1. Counting other Cβ atoms within 10 Å, keep those with at most 11, restrict to DSSP loop, and tell me which trypsin sites (Lys or Arg not before Pro) in the stretch 24-55 are left.
2. With +1 assigned to the C-beta of every Lys and Arg and -1 to the C-beta of every Asp and Glu, and no other charges, what is the dipole magnitude of the stretch 33-111 about the Cα centre in debye, to the nearest 20?
3. Over what distance in Å are the Cα centres of the stretch 83-139 and the stretch 37-64 separated?
4. Explain nothing, just compute: Karplus ³J(HN,Hα) = 6.51 cos²θ - 1.76 cosθ + 1.60, θ = phi - 60°, for every residue of the stretch 269-280 in order, whole Hz, x for Gly and Pro.
5. Helix 14-24 sits at what angle to the longest principal axis of the chain, using alpha carbons and giving 0 to 90 degrees rounded to 10?
6. For LYS5, go through the lysines and keep the ones whose alpha-carbon is under 17 Å away, minus same-chain ones fewer than eight residues off.
7. Tell me, what is a quarter of the convex hull surface for the C-alpha atoms of the chain, in nm² with one decimal?
8. What order, most packed first, do the peptides 138-146, 277-285 have when packing is the mean number of other Cβ atoms within 10 Å of each residue?
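A short reminder: the numbers here are calculations on the coordinates, not readings from a lab. Source: prediction; values computed, not measured. Cβ sites come from the backbone with ideal geometry, for glycine too, and all protein chains shown count toward neighbours.
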Amino acid sequence: MIPAKFEYHAPTALPDAIALLERYADDAKLLAGGQSLIPMMRFRLVEPGHLVAIGRIDGLAYVRESDGHLAIGAMTREADLEHAPLVAERYPILRDTSAVIADPLVRNLATIGGNLAHADPANDHPATMLVLGAEIVAEGPNGRRTIAIDDFFEDTFTTALGTSEVLVEIRIPQPRARSGAAYLKLERKVGDFAIVGVAARVTLDESGAFDSVGIGLTNVGPTPIRARKTESSLIGQRPSDEVLKAAGASAAGEAEPVTDGRGPAEYKRAMVRTLTIRALRQALERVR
Ligand code: FAD
């Protein structure tokens with residue numbers, strides 16, 4: 001279908017974009033890579049009267065380490081994350097995640113900011129950001145603020161961002177010593193959204209026991225899910241097949257899948273169990 005009529009704005013400065021979002025309020029939508037918004041407009045699921053494109057604003061696409069964290073500009077394309085040497089070397093879970101999003105055509109346009117701001121529980125980055133303890137930097141009419149990722153996803157397609165706020169940066173703490181992380185996704189075919197995805201991050205103490213753990217689940221609930229009970233159950237334990245198996249069963253219990261075209265709820269729960277074990281195992285291998 002053809003989208004409903006809209007007016008297109010392409011400001012070249014962030015304050016102008018924010019002013020436009022404020023002026024048109026609920027009748028405006030910010031446009032980044034367009035890979036989620038344009039399909040929704042074509043299906044007329046959303047019909048904004050004004051599109052505020054931020055692609056011409058300089059300085060919103062970067063990947064760099066500073067002050068103890070990795071900073072990723074909101075307009076960084078998935079393809080750039082996938083191929084960034086810094087990401088491959090220090091944050092391979094981010095490459096795991098970007099590389100399984102859609103197909104290369106989509107990844108050339110889709111942005112990490114859009115992936116998070118869209119808050120689709122089927123999107124892959126949210127679970128990864130939950131386990132990495134990311135922070136979202138938002139800029140709006142009242143200046144900048146930081147939102148902890150645990151407070152960011154409020155409901156399906158709903159985040160803590162205000163209507164006139166722009167997600168400008170994602171901050172990820174630099175990994176501590178003896179840490180590793182991995183993202184695994186099960187899909188019906190290459191390029192599809194996840195049947196189930198699991199992100200796992202581990203930090204071991206000097207004795208080799210779990211000191212800190214993050215487990216995030218994709219597409220098995222109304223929002224991305226952090227499997228908190230499973231995370232705490234692992235602390236202090238030494239990794240073993242039995243311990244990982246118990247963690248898989250526990251994470252499956254924390255998932256809230258529904259039966260749909262991607263399979264019955266019980267199948268998805270079983271896949272959460274399997275992928276949790278595998279993701280933890282891969283994260284542990286990366287510690288080494
Ligand atoms: P847009 O489509 O431009 O925007 C999406 C929403 O976020 C809009 O509401 C917009 O207003 C808002 N927004 C965007 N940027 C900002 C910002 N900086 N600040 C505030 N609000 C903002 N995603 C996956 O995770 N995994 C997949 O497997 C996958 N498969 C796909 C397959 C296809 C064929 C397509 C078309 C998409 C697929 N996607 C998948 C979805 C897509 O990759 C993401 O949702 C996309 O990354 C969104 O980013 P964007 O830049 O295109 O955002």
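1. ARG44
2. 280
3. 17
4. 4, 4, 6, 4, 4, 5, 5, 5, 4, 5, 5, 5
5. 70
6. Partners within reach: LYS29.
7. The number I arrive at for the chain is 14.7 nm².
8. Listed from highest to lowest mean packing, they are 277-285, 138-146.
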